[in-house]
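To start, the structure itself, in structure tokens.
The values are calculated or read from the model by the stated rules, or taken from the named source; none is laboratory data. From a predicted model like this one, the values you see are computed outputs, not experimental measurements. Cβ: placed from backbone, ideal geometry, glycine included. Neighbour counts: every protein chain shown. The accessibility values were calculated without ligands, DNA or RNA, using every heavy atom of the protein model including side chains. Shrake-Rupley method; radii C 1.70, N 1.55, O 1.52, S 1.80 Å.
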Amino acid sequence: MTTHSRQNSAASPAPGSATSEALQDAAVDLAQQVELAGYYPELVLDTLRLASGEEEIISGMVQAETTFAEAVHRHLTVLSLTSTRLIIVHVDDAPRDDGSPGALATSEAVPLSRIRSMALTRGVSDPAQGGGTLTEMTIAVSWGSVRRIDMEPATCGDPDCQADHGMTGVSVPDDVVIRVAAGVEGAAALARAETFASRLSQMTARAASL
């Protein structure tokens, strides 16, 4: 009688995949980041849940920003990654006509296959010492939704020319740009941003190859 060996049915996880425990940890960690930011966490998490649907969150990061002009204005951005999409949630202050507090929550879900480019800018101190110590990171992701045009007066190269040569400009993608600095958000936030950028880079590369 011929016997056949039985193969193990548990296949090795694909690179970048996550176990159910890891997914739960990622979701809990992101929720904790939102709670720690302290900016309408229930609104932020409800918006994120609506945008993510039934997909599990693999990785995420939060950036809160406060600006001071005529009044204090708060803004929060959440980037989260599922197996198929990059989900961006923006929440801004939007006072109501009667002066009472209000907020606007906007979400956008971008299929990973649509992402055209991802630019990472890493700032380090002591670069001669083993490549340096990471002090800040800027993550710029483009999928062709928004572009920014930087305009300036055109010139002909003649320093004495007084003629009006019109305007010239450069069109650059500006879908989402996040900057995290250890001196502002802290070392832990910077480490999370680096982890998120690494995972997003892996998964966009995989989506592009399919």
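Points to keep in mind about this one:
- Residue list for segment 57-76, restricted to those being in contact (Cβ under 8 Å) with a residue 24 or more places away in the chain and either over 19 Å from residue 198 (Cβ atoms) or surrounded by fewer than 15 Cβ atoms within 10 Å (Cβ to Cβ) (or both): 64, 74, 76
A quick yes/no check of all residues on (1) at pLDDT below 95; (2) in a strand (DSSP E or B); (3) more than 14 Å from residue 48 (Cβ to Cβ):
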position: 75; (1), (2), (3): yes, yes, yes
position: 79; (1), (2), (3): no, yes, no
position: 88; (1), (2), (3): no, yes, no
position: 92; (1), (2), (3): yes, yes, yes
position: 96; (1), (2), (3): yes, no, yes
position: 101; (1), (2), (3): yes, no, yes
position: 105; (1), (2), (3): no, yes, no
position: 119; (1), (2), (3): yes, yes, yes
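- Cβ pairs under 8 Å, 6+ apart, first in segment 133-161 and farther than 21 Å from residue 61 by Cα and at pLDDT 60 or above, second in a loop (DSSP other than H, G, I, E, B) and open to solvent by 70 Å² or more (accessible area, probe 1.4 Å): 144/116; 153/165; 154/165; 155/165; 156/165; 161/155
- Residue list for segment 80-101, restricted to those being free of Cβ contacts under 8 Å to residues at least 12 places away in the same chain and among the hydroxyl-bearing types (Ser, Thr, Tyr): 100
- Yes/no for residue 124 being within 15 Å of the chain's Cα centre (by Cα) and in a strand (DSSP E or B): no
- Criterion applied to 62, 44, 72, 110 was being among the aliphatic types (A, V, I, L, M), in contact with a strand residue (DSSP E or B) (Cβ under 7 Å, 6 or more places away or on another chain) and within 20 Å of residue 137 (Cα to Cα), and the one residue passing it is 62.
- No other residue among 177, 172 is open to solvent by 70 Å² or more (accessible area, probe 1.4 Å), touching a strand residue (DSSP E or B) at 6+ places or on another chain (Cβ under 9 Å), of a type in the set (A, V, I, L, M) and at pLDDT below 95 apart from 177.
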